[in-house]
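Everything on this sheet refers to the single structure shown next.
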Amino acid sequence: MTEAIRGFWVASATPLATDGSVDSAKLAAHAKRLFGKGVDGVVLFGTTGEGTSFNVTERIATIEAVLSGGVPAERIGIGGGFPAISDSIALTRAALGLGLRHVLILPPYFDRSVAPEGIEDAFAAIIDGAADDRLRAYLYHIPQISGVAIPTSVAASLRRRYGKMVAGLKDSSGDFKQFQAFRAAAPELAITVGNETDIARAIAAGGAGTICGMANIAPELVKAMIDGKDVEARMQAAVDIVVKSPSFLTTLKAILAAQTGDAGWLRVRPPLRALSDGAALKAKLDQLTSPAIA
């Protein structure tokens, strides 16, 4: 079984049923379709998956359903990290009990004035509370969204304390210098990037690969980045289509709806508001992804 997330993983979008619950059958089918595109694994309930809109019970029920839908446990990671440490522990224990090992953990968010020692205490409390050496935890650094950065010193200290139980770190800051700082401080961590345009240079600099959102709608382009092909400009243009819209999440789902012909992908949970049509956005993306990648 994989010791750390490496290669090509997708931060999966979360399809919803008409009542706002997770459409687990569609989620399992989405994962298996991506596997057919060269994807190694999926992370559920991360930022792209509207993770903070789903409680512990919902996340665990979804894991159970996706496993029943034929997605192997070793190819699933789960987004974790809550303001309440007890929720993080409960999710982690339950995921491990279902055969998962990969848990991405946000630092407790909302309080942006905490000291580095407090951030380390929070991660340590989750790992100690899980009390299971099967755990492979990944520190999730996305301060522009969560409001709480993970200091490089904390990443290094946690790796020293817990060894391979702290398997890696996902750097979604979009700042390549930050990635380099994590690599220098904690070279034993498997560090993945969320910023698609950094994939090739990160791998060349010792990175473990990517866990990214654009792979939901442009997996071939992401795979080309991983393979070191000269498509960075094309990837940047594709990313711009999504990130320069009012909402990354609703735009990505609108494109998915247009690609699949399934309007159910448009559904989001409040406070997000669904886009009505992604056809024009899909057409722009097609111009970047349909030409042959040399």
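Coordinate-derived values only; no laboratory data. As the structure is a computational prediction, the values presented were derived from the model and not from experiment. Backbone-built Cβ (ideal geometry, glycine too); neighbour counts: all protein chains shown.
For helix 85-97, what angle does its Cα long axis make with the longest principal axis of the chain, in degrees from 0 to 90 and rounded to 10?
70 degrees
So what is the calculated 222 nm ellipticity per residue for the chain, using -39500 (n - 2.57) for each DSSP H run with n of 4 or more, over all residues, to the nearest 500 deg cm²/dmol? Display every interim value, and only then the final one.
Working: 12 runs with 128 residues, N = 294.
It comes out at -13000 deg cm²/dmol, rounded to the nearest 500.
To make sure I understand the rule: partners must be lysines, Cα under 25 Å from the Cα of residue 244, and not fewer than 8 residues away in the same chain. Which ones qualify?
170, 177, 223, 229, 253, 282, 284
When the Karplus curve 6.51 cos²θ - 1.76 cosθ + 1.60 is applied with θ = phi - 60°, which whole-Hz ³J(HN,Hα) does each residue of segment 268-280 get, with x for Gly and Pro?
Rounded to whole hertz, the list is 9, 9, x, x, 6, 10, 5, 7, 8, 7, x, 4, 5.
Find the centroid of the Cα atoms in segment 176-198 and in segment 271-294, then give the distance between the two in whole Å.
The two parts, judged by their Cα centres, are 29 Å apart.
Which whole-Hz ³J(HN,Hα) couplings does segment 131-145 yield from phi under the Karplus relation 6.51 cos²θ - 1.76 cosθ + 1.60, θ = phi - 60°, glycine and proline marked x?
Whole-Hz 3J(HN,Hα) from phi for segment 131-145: 6, 8, 6, 6, 4, 10, 8, 10, 6, 10, 9, 8, x, 5, 9.
Report, by chain and number, residues whose modeled amide H sits under 5 Å from the one on residue 98, excluding near sequence neighbours (fewer than 5 apart, same chain).
Placed amide hydrogens put nothing under 5 Å from residue 98.
Taking amide H positions as placed 1.01 Å from N in the peptide plane, with prolines and chain starts having none, which residues 5 or more places from residue 166, or on another chain, fall under 5 Å of its amide H?
Under 5 Å from the amide H of residue 166 lie the amide H atoms of 137, each far enough along the sequence or on another chain.
Roughly speaking, what is the centre-to-centre gap between segment 56-128 and segment 203-228 when only Cα atoms are used, to the nearest Å?
Between the Cα centre of segment 56-128 and that of segment 203-228, the gap is 24 Å.
What number comes out for the charge environment of residue 163, summing +1 per Lys or Arg and -1 per Asp or Glu over other residues with Cβ under 15 Å away?
Net charge in that neighbourhood comes out at +2.
Kindly express, to the nearest 10 degrees and within the range 0 to 90, the angle between helix 176-185's C-alpha long axis and the longest C-alpha principal axis of the chain.
Tilt relative to the chain: about 30 degrees.
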